[in-house]
Amino acid sequence: MEKKTRVRENDGVLEFNSSVFAKLHSEGVESKILKADQSNTAIIYNDQYFFKFYRKLENEINPDLEMVRFLSENTSFRHSPKYAGSVEYHDSEGNTMVLGLLQEKVENQGDAWNVTIDSVGRFYERILTRVKKEKLPKLVNQAALKFEDSPEIIQEFIGRGFYERVVRLGQRTAEMHLALASDTATPAFAPEYFTANYQRSLYSSLRKLVKDRFKLLEQSMPRLNQETQALARTVLVMEDQVLECFSQIYQIRIHAMKTRIHGDFHLGQVLFTGKDFIIIDFEGEPGFSFSERRLKKHPLKDVAGMMRSFHYAAFGKILLNENYREKDLEFLEQWGEQWQHYISRFYLGAYLEKMGKEATLSDDEEVLIQTYLIEKAIYELGYELNGRPDWVIIPLRGIYYLMQRYFQSVEERKKK
């Protein structure tokens, strides 16, 4: 890589690119393979550089390399690991296959998932020790909120410290999206307008997702516990209403731009440095081909992914903690709904502010965020049914909660 070797093979060229190893020569280059179970093979050099050998190869550029290099070389965004080299195969037809990516290693204290799980755990401890089984505060039903907009008891139990971290994460998400939309000249990154055809194709894919996942849920009922089955039956009855909600995506003319986005954005894709956040892993949604992952989408799709991740943290903590008493679970779940509701809105508020928007969503954006949130929860349903049946309750709760918000918005529109 240091010598920038080019190997000709089968009418193509295998290229090794990097200029960082020379800096390490005085101390010698040491390497260590990470043993963590990951989708790629990872090697650390001198605790300064992180190299990914990809296990999934396609005759199409890997979006991870493409995005990391673009952010490093074409933008001022500094909250993702810097590009440091690559191993690529270029064939005679101009296609690129990426075998490996070298990046600067980021010193961190773990990912944002662990930070969030710790915080929600402390929230539950405060609830259990200091709250009697009193009436829950009424949810403030605005899309975006500041700390002071939430009930006092919520402010007290979440704490300003974690609120400020959530705000920082919202700001970094917005900065990433602004950077990814900053190049109007390069076809792979230039923003594009929504079209009526795109809106129709979006609805078509959503409809297929609902049919597939709800069918899988029905078939999987015998494997689910009693509580999950009860909620599953409630959600299955909502199928037509979910499709009705999704139909908004083509019934109104949406004035919005598609850009490149992260594509698989959640708390596990963000490192916490102790003070700030670094966004990693731009490979996109694992279930899709590279060409599908490179398609432009609305940035609110990433935002919805992170909001769903907060929901997962709230209820994942309950599933992961065996110390909670059976009689406290329903009580904690009610407060968990409060926690995820407000954390998501703090995050969205900080995001919108950094994007230079009002702390309210336009009608188009309301439809988009609602669509992407429900889509994500339904997608998660398939993931859990196929891999972790014990966790199916979480996306089911998500669908139920989000559909209640949808019914509420329909009622409010009728009153207007």
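Structure notes:
- Selected residue (only one of 415, 354 is modelled with pLDDT under 90, out of contact with any Phe, Trp or Tyr (no Cβ under 9 Å at 6 or more places or on another chain) and of a type in the set (D, E, K, R)): 415
- Residues that are under 22 Å from the mean Cα position of the chain (by Cα) and not charged (D, E, K, R) within the range 59-75 comprise 61, 62, 63, 65, 67, 68, 70, 71, 72, 75, listed in sequence order.
- Residue within the range 203-211 that is of a type in the set (Val, Ile, Thr) and either without any contact (Cβ under 8 Å) to a residue 24 or more places away in the chain or not assigned by TED's automatic domain parsing to the domain that holds residue 275 (or both) present: no
- Annotation note: Cβ proximity below 7 Å between a residue of the range 373-392 that is at pLDDT 95 or above and hydroxyl-bearing (Ser, Thr, Tyr) and a residue that is part of a helix (DSSP H, G or I) and surrounded by 15 or more Cβ atoms within 10 Å (Cβ to Cβ) (sequence gap 6+ or interchain) occurs for 379/209.
- Boolean, residue 31 is farther than 21 Å from residue 93 by Cβ, surrounded by 11 or more Cβ atoms within 10 Å (Cβ to Cβ) and among the small types (Gly, Ala, Ser): no
For (1) part of a loop (DSSP other than H, G, I, E, B); (2) surrounded by 17 or more Cβ atoms within 10 Å (Cβ to Cβ); (3) touching a helix residue (DSSP H, G or I) at 6+ places or on another chain (Cβ under 7 Å), each residue gets a yes or a no:
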{"site": "331", "(1), (2), (3)": "no, yes, no"}
{"site": "336", "(1), (2), (3)": "no, yes, yes"}
{"site": "341", "(1), (2), (3)": "no, yes, no"}
{"site": "366", "(1), (2), (3)": "no, no, no"}
{"site": "370", "(1), (2), (3)": "no, yes, yes"}
{"site": "373", "(1), (2), (3)": "no, yes, yes"}
{"site": "376", "(1), (2), (3)": "no, yes, yes"}
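- Test result for residue 342, of a type outside the set (A, V, I, L, M, F, W, C) and modelled with pLDDT of 95 or more: yes
- Among (1) part of a helix (DSSP H, G or I); (2) under 26 Å from residue 280 (Cβ atoms); (3) of a type in the set (Val, Ile, Thr), the one test that residue 129 misses: (2)
- Qualifying positions in the range 72-112 - in a helix (DSSP H, G or I) and in contact with a strand residue (DSSP E or B) (Cβ under 8 Å, 6 or more places away or on another chain): 72, 73, 112
- Only residues that are modelled with pLDDT of 95 or more and polar (S, T, N, Q) were counted across the range 2-23, and they come to 0.
- Scan the range 340-362 for residues that are among the charged types (D, E, K, R) and closer than 26 Å to residue 396 by Cα and the total you get is 1.
- Among the residues listed as 52, 56, the single one being more than 30 Å from residue 167 (Cβ to Cβ), of a type in the set (D, E, K, R), crowded, with 18+ Cβ neighbours inside 10 Å and under 22 Å from the mean Cα position of the chain (by Cα): 52
- Qualifying residue in the range 48-63 (condition: part of a helix (DSSP H, G or I) and in contact (Cβ under 8 Å) with a residue 60 or more places away in the chain): yes
- Selection from the range 174-229 of residues that are surrounded by 13 or more Cβ atoms within 10 Å (Cβ to Cβ), among the hydrophobic types (A, V, I, L, M, F, W, C) and in a helix (DSSP H, G or I): 174, 176, 178, 179, 180, 202, 206, 209, 210, 214, 216, 217
- Residue check, residue 117 in a helix (DSSP H, G or I) and in contact with a helix residue (DSSP H, G or I) (Cβ under 6 Å, 6 or more places away or on another chain): yes
- Test: residue in the range 331-351 that is under 15 Å from residue 170 (Cβ atoms), in contact (Cβ under 8 Å) with a residue 60 or more places away in the chain and in contact with an Asp or Glu (Cβ under 7 Å, 6 or more places away or on another chain): no
- Within the range 233-298, helices (runs of 4 or more DSSP H) holding 3 or more residues that are more than 22 Å from residue 384 (Cα to Cα) and out of contact with any helix residue (DSSP H, G or I) (no Cβ under 6 Å at 6 or more places or on another chain): 239-246, 290-293
The values are calculated or read from the model by the stated rules, or taken from the named source; none is laboratory data. Source: prediction; values computed, not measured. Virtual Cβ from ideal backbone geometry, glycine too; neighbours counted across all protein chains shown.
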